[in-house]
Amino acid sequence: MSRVRKKESARHTLWVALWVCVVCSALVTTAAVGLRPAQQLNKVQDKQRNILEAAGLLQTDQPLAALAGRIETRLVELETGRFVAVDDPELYDQRRAAKDPARSVALARDRDPAVIKRRARLAQVHLVRDAAGRIETIVLPVHGYGLWSTLYGFLALQADTATVVGLSFYEHAETPGLGGEVDNPRWKARWIGKRVYDENRRPAIRLVKRPPPPGHPDAVHQVDAISGASLTMVGVENLLNFWLGDVGYGPFLARLREEDAHG
């Protein structure tokens, strides 16, 4: 009799455990589905903040929604530098496109200093215009490998396509206190006013331990590197020069300069 009761007790325990698992799974799934819109909104707002930070617009007292309204997002075909017309360019997922062989290109090692392996054929660009509708700031999504991770960020340039307005990284897993100092506002401030191209329009950004004094011909292209983060600094230098080059946004920026020269 005791054996029967023990079996029934064990069976009852298993059924209770099973139902608890089913109920908890349903609750977790329901919560995840219910929170998805809020998570998506937070993701969009975080991206907007990083774009605005790179463009130097977060210092104003305007609300985020008003500032975000100044951002015009477009898609660019990187090979030609031409805008591509789509219904909603903000929905384009550049990371997903880079993983899709039909929507990306494989990069040979000698053409891939950023170590991204594949590059999407289309890329987002974010334009800030002045009251007259002229381009004021160009914000370019950039990414590339550092020491431990792929760094994702935004590089903002003036309308001349060469002068840095700001640089901001919003996702990486570099060493805190070393490579992670790419988030440090003091280091990011060193980029403002730097020139990304030399006189021949070749990418010219360099991260060095001892930048030359102001007025030196190279000073405008060189940024003081973060001490103790040599490999992260190599990665940042490589990824910026990659995206500024012919395989990245180079054709697009050249087209903007040509259009500006012709009015």
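The values are calculated or read from the model by the stated rules, or taken from the named source; none is laboratory data. What you see is a predicted model, and the numbers here were worked out from it, not measured in a lab. Note that we place each Cβ from the backbone using ideal geometry, even for glycine, and neighbour counts take in every protein chain shown. SASA here: full protein model, heavy atoms, side chains in, ligands and nucleic acids out. Shrake-Rupley method; radii C 1.70, N 1.55, O 1.52, S 1.80 Å.
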Q | Dipole-positive endmost among His12, Asn238, Pro214 within the chain (Cβ charges, Cα centre) | A | His12
Q) In terms of the Cα gyration tensor, with a ≥ b ≥ c the square roots of its eigenvalues, is the chain rounded because a/c is under 1.5, prolate because a/b exceeds b/c, or oblate? A) prolate
Q) Got a number for the accessible area of Asp46? Probe 1.4 Å, square angstrom, nearest 10. A) 70 Å²
(Q) Springs between alpha-carbon pairs under 10 angstrom, Gaussian network model over the chain: which of Ala132, Ala97, Ala229 fluctuates most? (A) Ala132
Q: List the DSSP H helices in the chain whose Cα atoms stretch 18 Å or more along the helix axis and whose mean Kyte-Doolittle hydropathy is at least 0.0.
A: 230-244
(Q) I'd like the Karplus ³J(HN,Hα) series for the stretch 80-85: coefficients 6.51, -1.76, 1.60, θ = phi - 60°, whole numbers in Hz, and an x wherever there's a Gly or Pro. (A) 9, x, 8, 5, 10, 7
Q) Summing +1 for each Lys or Arg and -1 for each Asp or Glu, what net charge is found among the other residues whose Cβ lies under 13 Å from the Cβ of Glu72? A) 0
**Q.** Environment charge at Leu151 (Cβ cut-off 14 Å; Lys +1, Arg +1, Asp -1, Glu -1)
**A.** -3
Q) If you build a Gaussian network model of the chain, linking Cα atoms that sit under 10 Å apart, which residue out of Arg74, Arg109, Arg129 swings the most? A) Arg109
Q. Round to a whole number: what % of the accessible area of the stretch 134-205 belongs to carbon and sulfur, probe 1.4 Å?
A. 51 percent
Q.
If you count only protein heavy atoms with a 1.4 Å probe, what accessible area per residue comes out for the chain, rounded to a whole Å²?
A. 60 Å²
Q: Evaluate the charge dipole of the stretch 198-257 about its Cα centre and quote only its size in Debye, nearest 20, assuming +1 on the Cβ of each Lys and Arg and -1 on the Cβ of each Asp and Glu.
A: 80 debye
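Mind putting a number on the dipole of the chain about its Cα centre? Charges go on the C-beta only, +1 for Lys and Arg and -1 for Asp and Glu, and I need it in Debye to the nearest 20.
1440 debye
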Q: Rounded to whole Hz and in sequence order, give me ³J(HN,Hα) for the stretch 196-209 from the Karplus expression 6.51 cos²θ - 1.76 cosθ + 1.60, θ = phi - 60°, writing x for Gly and Pro.
A: 8, 10, 7, 5, 9, 6, 9, x, 9, 5, 9, 9, 10, 6
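If you average the sequence gap of Cα pairs under 8 Å that are 6 or more apart and divide by the length of the stretch 168-218, what percent do you get for the contact order?
It rounds to 18 percent for the stretch 168-218.
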Q.
Can you compute the helix-only [θ] at 222 nm over the chain? Use -39500 (n - 2.57) per DSSP H run of at least 4 residues, normalise by all residues, nearest 500 deg cm²/dmol.
A. -12000 deg cm²/dmol
(Q) Let me make sure I get this right: for the stretch 190-247, a, b and c are the square roots of the gyration tensor eigenvalues over alpha carbons, sorted descending. Under 1.5 in a/c it's rounded, otherwise prolate if a/b > b/c, else oblate. Which is it? (A) oblate
Q.
If I build a Gaussian network model for the chain, linking alpha-carbon pairs within less than 10 angstrom, which residue out of Ala65, Ala17, Ala189 has the largest mean-square fluctuation?
A. Ala17
